[in-house]
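Chemist: Just dropping this structure here.
The values are calculated or read from the model by the stated rules, or taken from the named source; none is laboratory data. Since this is a predicted model, take the numbers as computed values, not measurements. Cβ coordinates were reconstructed from backbone atoms using ideal geometry, including for glycine residues, and neighbour counts include every protein chain displayed. Accessible surface areas use protein heavy atoms only, side chains included; no ligands, DNA or RNA. Shrake-Rupley method; radii C 1.70, N 1.55, O 1.52, S 1.80 Å.
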Amino acid sequence: MRYAQKGGLTDERWAFREKLRMEAAERFRQGYENPVIAHDLRLSVRSVQRWRRAWSQNGPRALASKGPASLPLLSDELFAVLERELAKGPVAHGWPDQTWSLSRIKTLIGRRFHKSYTVQGVAALLKRHGWSCQVPARRAVERDEIAVAGWVKETWPSVERPWRRSTPGSSSRTRPDSR
């Protein structure tokens, strides 16, 4: 994802980057050198060189954002359909258990919308729309936290072997202690 959906930036961060490009354009007009601009604006010299080249050909509007480089494969309307499909659960789509994985969602997108995503692309798509990766905590419903805490404090220290010897040892594996 390079520039789709503003490059994954928040509106404030996107506006900040746009302001940086316009500030660079003003400094080009004033005749500043590339390394000075890069240092002052905390940019790479390479980016400033690329921006100067575009600015010299088409002026300040060449540095304005042109929006996404490509449209996302799934529009917001299609993503809403995908969310409804995900809400039905994996069993409704032919999987044996109720666990969604990125590869299963990738397969669902391919079957339902005839679009091809990578697993990483599916992760980015879900994250962009506010979904998060969740791993279930595998704990018994009957778990007694107080009893577990007591066991860890009282029983576990007596069961666990000490990490170090209580007597001096030898650094040699083949030769016993010489004392």
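Chemist: Any residue in the stretch 40-49 that is open to solvent by 30 Å² or more (accessible area, probe 1.4 Å), more than 28 Å from the chain's Cα centre (by Cα), under 21 Å from GLN134 (Cα atoms) and not hydroxyl-bearing (Ser, Thr, Tyr)?
Modeler: No, the stretch 40-49 has no match at all.
Chemist: Still on this structure, please answer the following. I'm trying to understand the selection: among the residues of the stretch 129-162, which are under 21 Å from GLY89 (Cα atoms) and either among the basic types (Lys, Arg) or touching a residue at least 60 places away in the same chain (Cβ under 8 Å) (or both)?
Modeler: Correct list: ARG138 only.
Chemist: So which residues in the stretch 57-83 are of a type in the set (D, E, K, R) and either in contact (Cβ under 8 Å) with a residue 60 or more places away in the chain or assigned to a loop (DSSP other than H, G, I, E, B) (or both), if there are any at all?
Modeler: LYS66
Chemist: Quick check: anything in the stretch 8-30 loosely packed, with under 11 Cβ neighbours inside 10 Å and among the small types (Gly, Ala, Ser)?
Modeler: no
Chemist: Is it the case that the stretch 84-100 has a residue that's part of a loop (DSSP other than H, G, I, E, B) and open to solvent by 80 Å² or more (accessible area, probe 1.4 Å)?
Modeler: Yes, the stretch 84-100 has at least one match.
Chemist: So how many residues does the stretch 129-155 have that are at pLDDT 85 or above and of a type outside the set (S, T, N, Q)?
Modeler: Number of matching residues: 14.
Chemist: Step by step: first the residues of the stretch 111-125, then only those that are of a type outside the set (A, V, I, L, M) and part of a helix (DSSP H, G or I), then the one that is nearest to LEU78 (Cα to Cα). Which residue is that?
Modeler: PHE113
Chemist: Further question on the same structure: Of all residues in the stretch 126-142 being open to solvent by 100 Å² or more (accessible area, probe 1.4 Å) and over 13 Å from the mean Cα position of the chain (by Cα), which is farthest from PHE79 (Cα to Cα)?
Modeler: GLU142
Chemist: Can I ask one more? Among the listed residues SER44, SER65, which satisfies the condition of being at pLDDT 85 or above and of a type in the set (Ser, Thr, Tyr)?
Modeler: Just a single option satisfies the conditions, and that option is SER44.
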